[in-house]
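Participant: Take a look at this one; I'll ask things after.
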Amino acid sequence: MDLLKAVGGCVVNIGDIQVQCGVEGFSMYVAAKSALMSITKSASVEMAPFVRVNALSPGTMPWPENDGLYSPVEKEAILSRSPLKRLGEWSDLVHPLAFIQSATFVTGVCLPIDGGGSAVL
């Protein structure tokens with residue numbers, strides 16, 4: 001932490017929008033991401049004013065190929081609930097990440113990058 005303080009560091013954690021609701025079969029994953037969001041907020045206070053701590057919370061991103069976890073019908077249902085009606089791409093995190101890194105008056109924020117999904121949860 002001393003090095004981060006010395007250079008005015010910026011920590012950006014990667015959470016998950018699913019911490020706002022339950023996800024069947026993913027209790028441990030959601031619990032871990034929920035803890036990360038809580039740590040983000042606490043660390044932003046503890047490390048201020050020298051280090052800023054924020055998080056990006058992506059929504060539904062590309063499913064692993066051949067994972068078999070969700071059927072095509074289930075995947076379509078998931079996407080239909082999102083206002084933008086599509087999967088996010090990992091490249092969708094680039095601009096928000098650059099913003100968080102450069103926004104020197106922003107700390108303790110968990111920014112949803114979810115195609116509007118958190119607006120309808």
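Rule-based calculations on the coordinates, nothing more; no lab input. Fair warning: this is a prediction, and the values are worked out from it, not measured in the lab. Note that we place each Cβ from the backbone using ideal geometry, even for glycine, and neighbour counts take in every protein chain shown.
Participant: Determine, for GLU89, GLU65, the number of other Cβ atoms within 10 Å of each Cβ, and report the residues in order from fewest to most.
Facilitator: On the way: GLU89 11, GLU65 5.
Final ranking by Cβ density, sparse to dense: GLU65, GLU89.
Participant: Something else now. On C-alpha positions alone, give me the angle between the axis of helix 27-46 and the longest principal axis of the chain, in degrees, nearest 10.
Facilitator: Result, in degrees: 20.
Participant: Could you work out the relative contact order of the stretch 2-119? I mean the mean sequence separation of Cα pairs under 8 Å and 6+ apart, divided by the number of residues, in percent. Numbers along the way, then the final one.
Facilitator: On the way: 168 pairs, mean separation 41.0, N = 118.
Worked out over the stretch 2-119, it gives 35 percent.
Participant: List every residue whose amide H lies under 5 Å from the amide H of ASN13, counting only residues 5 or more places away in sequence or on a different chain, with H placed 1.01 Å from N in the peptide plane.
Facilitator: Under 5 Å from the amide H of ASN13 lie the amide H atoms of ASN54, ALA55, LEU56, each far enough along the sequence or on another chain.
Participant: List TRP63, TRP90 from most exposed to least, where exposure is judged by having the fewest other Cβ atoms within 10 Å.
Facilitator: Exposure proxy ranking, most exposed first: TRP90, TRP63.
Participant: Quick one: Debye curve from the C-alpha atoms of the stretch 2-119, no solvent, what's log10 I(q)/I(0) at q = 0.10 Å⁻¹?
Facilitator: The Cα Debye sum returns log10 ratios of -0.35.
Participant: Give the percent of DSSP beta bridges with both residues in the chain that are antiparallel, rounded to the nearest 5. Show your work: numbers first, answer last.
Facilitator: Details: 0 of 9 bridges.
Here the share of antiparallel DSSP bridges comes out near 0 percent.
Participant: How far is the Cα center of the stretch 1-59 from the Cα center of the stretch 83-121, in Å?
Facilitator: Centre-to-centre distance over Cα atoms comes out at 13 Å.
Participant: Sorted by packing (mean other beta-carbon atoms within 10 Å per residue), highest first, where do 34-44, 70-80 land?
Facilitator: Values: 34-44: 16.3, 70-80: 10.9.
Final packing ranking: 34-44, 70-80.
Participant: Could you run the Karplus curve 6.51 cos²θ - 1.76 cosθ + 1.60 with θ = phi - 60° over the stretch 69-86 and give me ³J(HN,Hα) per residue in whole Hz, x for Gly and Pro?
Facilitator: Working through the residues one at a time gives 5, 10, 6, x, 5, 5, 4, 5, 5, 4, 5, 5, 7, 8, x, 7, 6, 8 Hz.
Participant: In addition: Nearest 500 deg cm²/dmol is fine: what mean residue ellipticity at 222 nm does the chain get from its DSSP H runs of n ≥ 4 alone, each adding -39,500 (n - 2.57), divided by its residue count?
Facilitator: Values: 4 runs with 44 residues, N = 121.
The helix-only estimate for the chain comes to -11000 deg cm²/dmol at 222 nm.
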